[in-house]
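Before any comments, here is the structure.
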Amino acid sequence: MSQVLIPAEYEQTQMAVEERVQNAEFISISADGWSDVCSNSIINVIAHVPEPFLIISIDTENNRHTAEYIAEILSQEIERVGPEKVIGLITDNAANMKAAWRILQQKYPWLLCYGCKNHIFHLTTKDICSIEPVKELIKESKDLADFFGLLVEKVSKINYIGHLRALSSKDKSVPEEPEDAFNSSDEELIIVEDDTSNPLLYSHM
């Protein structure tokens, strides 16, 4: 399969993408850098026609992501799809990307360059979450979620042990959930949690 089917499917998909890109009247391009699971530095370039199509994934190897290097990569792809059709470029808001914008706009004066709004929103949210009152609110919310998660777990254990006790007394009916299960005291929960002497507890788990 890896020798025949996958290469054939890749070629077919690549041809379909190239056809869509070549037939598009106008194109915008987006680019972003990231690292894969092997820590290889990758730059993906996507053409929007307006549907997004990945047109190339570049392993930048040991090349530094300078403005000049990024501009060179993007210029090659702009030329490949047709510079007269490329009207927009979207990247993140890093300084090297913005510097690459200026280099590209000197070569393609009509090119409109924008920073990714999702990236701006992510950075804004990150800054907001670093404010002390917000950090405290997040911590309290997590503590509250953990508390109720533990409470539900203990109530389930109450019902389960009650069921085992019914089995051990040869009562095959499953007991209904206690109405006051969520009102059980901490001592009751601890007692029930530690009631592991019944061998049925292990034979039914």
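The values are calculated or read from the model by the stated rules, or taken from the named source; none is laboratory data. Only a predicted model underlies this, so the values are computations on that prediction, with no experimental measurement involved. Please note: Cβ atoms are built from the backbone with ideal geometry, for glycine as well, and neighbour counts cover all protein chains shown.
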Among what's in the range 136-176 and is more than 42 Å from the chain's Cα centre (by Cα) and polar (S, T, N, Q), pick the residue that is modelled with the lowest pLDDT.
S173
Just to be sure before I move on: is N93 assigned by TED's automatic domain parsing to the domain that holds N44 and in contact (Cβ under 8 Å) with a residue 24 or more places away in the chain in the structure I sent?
yes
Kindly indicate which of S41, S35, S57, S28 is under 15 Å from G88 (Cβ atoms), of a type in the set (S, T, N, Q) and out of contact with any helix residue (DSSP H, G or I) (no Cβ under 6 Å at 6 or more places or on another chain).
S28
Per-region count, the range 103-155, residues touching a residue at least 12 places away in the same chain (Cβ under 8 Å), in a helix (DSSP H, G or I) and under 30 Å from A67 (Cα atoms)
6
Taking the range 1-48 only, how many residues are touching a strand residue (DSSP E or B) at 6+ places or on another chain (Cβ under 6 Å) and farther than 28 Å from N62 by Cβ?
6
Among the candidates L111, L104, single out the residue that is within 14 Å of A31 (Cα to Cα) and crowded, with 17+ Cβ neighbours inside 10 Å.
L104
Which members of the range 48-68 meet the condition of being outside any strand (DSSP E or B) and under 21 Å from K85 (Cβ atoms)?
V49, P50, E51
Scan the range 1-41 residue by residue and report those that are modelled with pLDDT of 90 or more, surrounded by 10 or more Cβ atoms within 10 Å (Cβ to Cβ) and in a loop (DSSP other than H, G, I, E, B).
A24, F26
Being outside any helix (DSSP H, G or I) and not hydroxyl-bearing (S, T, Y) is the filter; apply it to the range 89-101 and report the residue that is surrounded by the fewest Cβ atoms within 10 Å (Cβ to Cβ).
N93
